[in-house]
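K.L.:
I'd like to ask some things about the structure below.
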Amino acid sequence: MAQSRPRMIATEEAFAIPEYFEAFKKLPTVSTHMGLRNAARFYGAPGNVERLTDIEVRLAEMDQYGVDMHLLSLTSPGVQIFDADMGTSLAALANDRLAGFIKQYPKRFSGLAAVAPQDPQRAAAEIERAMVHLGLNGIIINSHTDGKFLDEPQFAPILEAAVKYGAPIYLHPTFPSQTMEQPFERYGMNSAIWAFGAECSLHAVRMILGGVFDRYPELQIVLGHMGEGIPFWLYRLDDLHSTLMAFKKPPEDIVKLKRLPSEYFKDNFHITTCGMLSTPILNFCIEVLGIDRLIFSIDYPYGFTGKSTEFILNTPLQAAYRAKILHSNAERVFKITP
Ligand code: MN
């Protein structure tokens, strides 16, 4: 059976280094801030610290289900919750460690570099180091940084470096910022059940409507969870953006875009499958975005490897489509050797 399977590359696969957990525990707000408490809850689930940090434990689970490769990224919220110095040095340490795992197991691992947008210049330098010297495959940004989004001008060096060094940005969810969190503080909503997708999709839509992709037409963003709901909203984004632009008094800082919002989503974004193991949603996304925009992911260790692989292997799809989702789209986007 194993030999008839297409190569499986999973692309939203979290790892951590012990130094990250040590720094996390020392944060003064770790027990009072709802987002950090929530992250601690995920880290505290049985086995998760070991599954995040122990590469042999990970390989055993990959082997059990026939997963060929993990595209690794430092677990959310990652380095963005620390001050600029701590965030920057932890990112470099995590990236060095990541490059070591890949060197040890080049057929089993590839990786996305952590960067600390708190210091955009040093983040840009880390992108160069990660792409040119460490040979990593892109960068991970866990959505907002202290309530700031990538469409804001101070982050231009990061976007410029991502384009210059051909680094796709995986825009991964995190807990909402302090200006956004309050309405999510009920019914367990301040996590992956609702807040993460609401916050991350807000970030991506800000980048589209803020004209980021007119400024950086080559920039590529990757979103997990089947695009954080945005594929379902493309018609309405186009319709309302043109309606607002046509008003005699359009909203004050609305940006005149060269293209329709949906066109940027179709050309500048890829989406991955984790946590949305639903055939109607998969078919809808293929129809709306095209098969070249869908990439397999598990969300290890928070997502289930068995359920995630079974979904793509068993859902009715033509073989060529399954191969694109399971490996060839990831090989192209993240420059992974086929
Ligand atoms: Mn994830």
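The values are calculated or read from the model by the stated rules, or taken from the named source; none is laboratory data. Keep in mind the model is a prediction, meaning the values are calculated, not measured. Here Cβ is always computed from backbone atoms with ideal geometry, including for glycine, and neighbour counts include all displayed protein chains.
K.L.:
Within 16 Å of the ligand (Cβ to nearest atom) and among the aromatic types (Phe, Trp, Tyr): does that describe TYR300? Quick ask: steps written out before the conclusion?
P.N.:
On the way: within 16 Å of the ligand (Cβ to nearest atom): yes; among the aromatic types (Phe, Trp, Tyr): yes.
Yes: the conditions hold for TYR300.
K.L.:
Can you find, within region 301-311, the residue that is surrounded by the fewest Cβ atoms within 10 Å (Cβ to Cβ) among those that are part of a helix (DSSP H, G or I) and either in contact with a helix residue (DSSP H, G or I) (Cβ under 6 Å, 6 or more places away or on another chain) or among the aromatic types (Phe, Trp, Tyr) (or both)?
P.N.:
Just the residues of region 301-311 that are part of a helix (DSSP H, G or I), to begin with: 305-311.
Add one more test, that the residue is either in contact with a helix residue (DSSP H, G or I) (Cβ under 6 Å, 6 or more places away or on another chain) or among the aromatic types (Phe, Trp, Tyr) (or both), and what stays is 305-306, 309, 311.
Details: THR305: 22, GLY306: 11, THR309: 21, PHE311: 19.
For region 301-311, the residue satisfying everything is GLY306.
K.L.:
Please specify each residue of region 205-225 satisfying the condition of being over 11 Å from the mean Cα position of the chain (by Cα) and closer than 26 Å to LEU71 by Cβ.
P.N.:
Taking region 205-225 and keeping what is over 11 Å from the mean Cα position of the chain (by Cα), we get 205-220.
VAL205, ARG206, MET207, ILE208, VAL212, PHE213, TYR216, PRO217, GLU218, LEU219, GLN220, listed by residue number.
K.L.:
Now a separate question. Name the residues in region 133-161 that are on the phi < 0 side of the Ramachandran plot and part of a loop (DSSP other than H, G, I, E, B), would you? Don't jump to the end; show me each part of the working.
P.N.:
Kept after step one, since they are on the phi < 0 side of the Ramachandran plot, are these residues of region 133-161: 133-134, 136-137, 139-142, 144-145, 148-161.
Scanning region 133-161 gives LEU134, LEU136, ASN137, ASN142, HIS144, PHE149, LEU150, ASP151, GLU152.
K.L.:
Does ASN48 meet the test of being within 16 Å of the ligand (Cβ to nearest atom) and farther than 25 Å from ILE295 by Cβ? Walk me through how you get there before you give the answer.
P.N.:
Working: within 16 Å of the ligand (Cβ to nearest atom): yes; farther than 25 Å from ILE295 by Cβ: no.
So ASN48 does not fit the description; no.
K.L.:
Which is more than 16 Å from the ligand (Cβ to nearest atom), at pLDDT 95 or above, more than 22 Å from GLY227 (Cβ to Cβ) and acidic (Asp, Glu), of GLU185, GLU181, GLU160?
P.N.:
Working: GLU185 fails: at pLDDT 95 or above; GLU181 fails: at pLDDT 95 or above.
Result: GLU160 is the single residue among GLU185, GLU181, GLU160 that is more than 16 Å from the ligand (Cβ to nearest atom), at pLDDT 95 or above, more than 22 Å from GLY227 (Cβ to Cβ) and acidic (Asp, Glu).
K.L.:
Which of the residues belonging to region 53-75 are among the small types (Gly, Ala, Ser) and surrounded by 24 or more Cβ atoms within 10 Å (Cβ to Cβ)?
P.N.:
SER73
K.L.:
Can you give me the ranges of the helices (runs of 4 or more DSSP H) entirely in region 211-279 with at least 1 residues that are more than 16 Å from the ligand (Cβ to nearest atom)? Walk me through how you get there before you give the answer.
P.N.:
Values: elements: 212-215, 225-228, 230-246, 261-268.
Per the criteria, 212-215, 230-246, 261-268.
K.L.:
Residues being within 25 Å of SER89 (Cβ to Cβ) and touching a residue at least 24 places away in the same chain (Cβ under 8 Å): count how many of those fall in region 13-37.
P.N.:
The qualifying residues number 14.
K.L.:
Working only within region 74-97, note down all residues that are in contact (Cβ under 8 Å) with a residue 40 or more places away in the chain and more than 16 Å from the ligand (Cβ to nearest atom).
P.N.:
The answer is PHE82, MET86, LEU90, LEU93, ASN95, ARG97.
K.L.:
Considering only residues that are away from the ligand (no atom under 16 Å from the Cβ) and not hydrophobic (A, V, I, L, M, F, W, C), which ones fall in region 130-157?
P.N.:
Pass one, region 130-157, residues away from the ligand (no atom under 16 Å from the Cβ): 130-137, 145-157.
Matches in region 130-157: HIS133, GLY135, ASN137, THR145, ASP146, GLY147, LYS148, ASP151, GLU152, PRO153, GLN154, PRO157.
K.L.:
Being in contact (Cβ under 8 Å) with a residue 60 or more places away in the chain, within 16 Å of the ligand (Cβ to nearest atom) and among the aliphatic types (A, V, I, L, M) is the requirement here; does ALA195 meet it? Let's see the steps before the verdict.
P.N.:
Details: in contact (Cβ under 8 Å) with a residue 60 or more places away in the chain: no; within 16 Å of the ligand (Cβ to nearest atom): yes; among the aliphatic types (A, V, I, L, M): yes.
In short, no.
K.L.:
Failed condition for LEU313, given (1) under 27 Å from TYR65 (Cα atoms); (2) free of Cβ contacts under 8 Å to residues at least 12 places away in the same chain; (3) over 22 Å from the mean Cα position of the chain (by Cα), with all others met?
P.N.:
Status for LEU313: all satisfied but (2).
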